[in-house]
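Notes to accompany the following structure.
The values are calculated or read from the model by the stated rules, or taken from the named source; none is laboratory data. Not measured: the values here are computed from a predicted model. Neighbour counts are summed over all protein chains in view; Cβ atoms, including those assigned to glycine, are modelled from backbone coordinates with ideal geometry.
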Amino acid sequence: MKVSNETKVGALAAVSITLLILGFNYLKGKNIFSKAKTEIYAVFDKVDGLNVANPVTINGLQIGKVYEMHEKDKALTGIVVTINLTKDVDIPKGSYASISSDLLGTTTLTITKSDGKELMQNGDTLLTQNNAGLIEGLKASLNPALVNVNGAVKSLDSLLKVVGSYFDPATKNNFHAIIANLTKSSANLQILLDAQTGSLAKALGNVNSFTANLAKNNSTIDTTLSNLSKATGKFANMKLDETLGSLQGAVTELKGLMAKANSKEGSIGLLLNDPKLYRNLESTTYKLNILLDDFRTHPKRYVNVSVFGKKDKSDPLTAPLQDDSASHPLPKKQ
């Protein structure tokens, strides 16, 4: 049996219309191939950006679509959103729905699950929470920042005015002088740090020479330190306490002897402190000197053994002769 072209065109048109209806219903959130349909509801004060067929998600997973939206009453006290669930998931009672938008303008109805044990059934209504849109949130965040920026700009403007008032010609000249002094100081510092002629380079060279000399004389320094260590060791091994004790005893005895010498007790004390004894000794010495001079001058007066001469009858001396021993040098030793 031959099928005419008109029949083919009619059948293709019918199939196309069927597919168009199915696709349109699918985009509207209607699940045509599912016999069991679960619908829950949510009532919002406003549904900015939400449209039919927008996704419904839980924890980022799409579980359904927005099937329908209509007013709650003529006073428009609320907007009822019908949610067609495409996945068999458990939604506890007490869960709430919210509307959120991203930067690309895609609006999603998000369900946040509660900790309740009892589950929602077909036809139940979710709690709702109005979240600020992305643009409104950005505005709310930017408004305080803009206020702070405006305040900072005003403060900076006031500061610039104050600073500008201080920069009179005299102040500018002072700044020029300061900059000139800084330039001169940096040039002097560069001269000081010059590797060839700088004072700092010379000082470092002297330090290097000194350290080199120390390195050359290292053995001599070690020997000196060793000798010093030996000397200190010998000094530490000396019986210093006994020596100091003996010295202290000698000093004590010397003090006692000096005390006795200063007192009038004993021969030394009497000899040093008695003026009468001193005068007697001086008188005796004087008389002995006269006697010796008289004996030397008139020996015949004391020794009468002369055979040819006569006895010396001259008067005795009453004072010692002049001492001429200084004019006669002592005889040299053989």
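What the table below lists for this structure:
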item: Number of the condition not met by S100 [criteria: (1) under 14 Å from Q129 (Cα atoms); (2) at pLDDT 90 or above; (3) surrounded by 12 or more Cβ atoms within 10 Å (Cβ to Cβ)]; result: (2)
item: Test: T183 is more than 30 Å from Q62 (Cβ to Cβ) and either at pLDDT below 80 or of a type in the set (G, A, S) (or both); result: no
item: Some residue of region 26-49 being in a loop (DSSP other than H, G, I, E, B), at pLDDT 90 or above and among the hydroxyl-bearing types (S, T, Y); result: no
item: Helices (runs of 4 or more DSSP H) fully within region 199-264 counting 1 or more residues that are touching a helix residue (DSSP H, G or I) at 6+ places or on another chain (Cβ under 8 Å) and of a type outside the set (A, V, I, L, M, F, W, C); result: 199-216, 240-262
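Residue by residue, here is whether (1) at pLDDT below 75; (2) of a type in the set (A, V, I, L, M); (3) exposed (fewer than 11 other Cβ atoms within 10 Å of the Cβ) holds:
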| position | (1), (2), (3) |
| --- | --- |
| L244 | no, yes, yes |
| T252 | no, no, yes |
| S263 | yes, no, no |
| L270 | yes, yes, no |
| N273 | yes, no, no |
| Y302 | yes, no, yes |
| D315 | yes, no, yes |
